[in-house]
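The structure appears right after this line, and notes come after that.
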Amino acid sequence: MTDKTLASPDTGIRPPGSTRPARRPRFNRREAAAGYLFISPWIVGFLVFTAGPMIYSLVISFSHYNLATNVVRPAGTSNYQALLDNPRVASSLANTLFYALLAVPLEIAFALLLAGLLNRVVGRGAGFFRTVYYLPKMTPTVATASIFLLLLNGNTGAINEGLRLVGISGPQWLVDPDWVKPSIVLMALWGVSGTMVIFLAALKNVPRELYEVASLDGAGPIRKFFSITLPMISGAMFFNVIILTIAAFQVFDQAYLLFWRDQSNPAPEASLFYAVYLFQEAFRQFNFGFAAAMAWLLFVILMILTFIQVRVGNRFVYYEGGR
């Protein structure tokens, strides 16, 4: 075989002793072009519907932009200064943080419990139960809120009626400020089946041999859970914690539909979450510049929280193939 053959563009192989870089085979360029062609709809959609609006919102966050009058005036950093001076921004952030600290652990625990139950179901009934457990995720949020308005009614709600049967006086879920956020958490738990599916997939990938060996060593169910199950599904746990934390800081539907949809009745201040207040500033006060600044503050907070979670969480995640 000659050097000319070795250096042909079809093979991309460099001849012995040659200092010239090997040429990339033609089929690689064709595959790359085909790949970019296939993902071009996503790239266009990302640029038009995500990157473009983000850049535009960053620009208007430095301006006074009133949608009602369509007047734009430069504002410098005054919108960001107003974030620090506005007490409702601080209170809405505090409400959102409290909700996240309450909702994320409960959603993780409840989703893992449901996934564990479904993992035990085998045979023909497995598909049926998985479908039934996933149906709440498919229910429209408006319909879910209407149901929970009835369930959480402090006087005639089904939840308090059930508590009365066991001698417990239920709280005023939708009125008492101490129970407003727990009521929203209950509604959030209704749609936890998306997280459950991820946990179920992770549980299916845990090798059965590990449990068999642990049984031979005399390990009980609790020891198996903490020594085998949790480490093997730690990657899914890590992913779900990050996703649920981001979702918790953006909670809007549940709070708005339960408390802020009807403007004739004053909503408790404990239900004012950050996304709800952002919505009010943008689409009721038409103060788009201030709302854009609020959105970017939330973006920075989520970036910092995600960075901390990644740095801390990676220490506890088990990677089967090594790191």
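The values are calculated or read from the model by the stated rules, or taken from the named source; none is laboratory data. All of these numbers come straight from a predicted model, not from anything done at the bench. Using ideal geometry, Cβ is built from the backbone for each residue, glycine included, and neighbour counts are taken over all protein chains shown.
Table: residues versus (1) farther than 27 Å from Leu150 by Cβ; (2) touching a Ser or Thr at 6+ places or on another chain (Cβ under 9 Å); (3) assigned to a helix (DSSP H, G or I).
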position	(1), (2), (3)
Ser227	yes, no, yes
Leu258	no, yes, yes
Ala275	no, yes, yes
Met294	yes, yes, yes
Val300	yes, no, yes
Problem - Of all residues making up the stretch 108-166, the number that are surrounded by 12 or more Cβ atoms within 10 Å (Cβ to Cβ) and basic (Lys, Arg) - result: 2
Practice task
Taking the residues in the stretch 302-323 that are outside any loop (DSSP other than H, G, I, E, B) and of a type in the set (S, T, N, Q) as candidates, determine which candidate is nearest to Met232 (Cα to Cα).
Solution key: Gln309
Handout entry: Every residue from the stretch 282-312 that is under 18 Å from Asp253 (Cβ atoms) and either exposed (fewer than 12 other Cβ atoms within 10 Å of the Cβ) or of a type in the set (D, E, K, R) (or both)
Key = Arg284
Problem - Residue check, Leu97 buried (at least 17 other Cβ atoms within 10 Å of the Cβ) and within 23 Å of Val276 (Cβ to Cβ) - result: no
Practice task
Give the number of residues within the stretch 70-103 that are of a type in the set (A, V, I, L, M) and not in a helix (DSSP H, G or I).
Solution key: 3
Practice task
Please go through the stretch 240-260 and pick out each residue that is of a type in the set (Val, Ile, Thr) and over 9 Å from the mean Cα position of the chain (by Cα).
Solution key: Val251
Exercise for the section: Only residues in the stretch 211-238 that are closer than 20 Å to Val104 by Cα and surrounded by 12 or more Cβ atoms within 10 Å (Cβ to Cβ) count as the first member; pair them with residues that are modelled with pLDDT under 90 and not acidic (Asp, Glu), Cβ under 6 angstrom, at least 6 apart or cross-chain, and list the lot. Expected result: Pro231/Tyr318; Ser234/Val317; Ser234/Tyr318; Gly235/Val317; Phe238/Gly313; Phe238/Val317
Exercise for the section: State yes or no: is Pro136 in contact with a Phe, Trp or Tyr (Cβ under 7 Å, 6 or more places away or on another chain) and at pLDDT below 90? Expected result: yes
Practice task
Look through the stretch 55-69, keep the residues that are of a type outside the set (Ser, Thr, Tyr) and in a strand (DSSP E or B), and return whichever of them is surrounded by the fewest Cβ atoms within 10 Å (Cβ to Cβ).
Solution key: Asn66
Exercise for the section: Output the number of the condition that His64 fails; it satisfies all remaining conditions of (1) more than 29 Å from the chain's Cα centre (by Cα); (2) over 21 Å from Trp296 (Cβ atoms). Expected result: (2)
Practice task
Would you check which residues across the stretch 179-210 are under 18 Å from Ala100 (Cα atoms) and free of Cβ contacts under 8 Å to residues at least 12 places away in the same chain and list them?
Solution key: Trp179
Practice task
Looking at (1) over 17 Å from Tyr318 (Cβ atoms); (2) free of Cβ contacts under 8 Å to residues at least 24 places away in the same chain; (3) hydrophobic (A, V, I, L, M, F, W, C), find the lone condition where Phe259 falls short.
Solution key: (2)
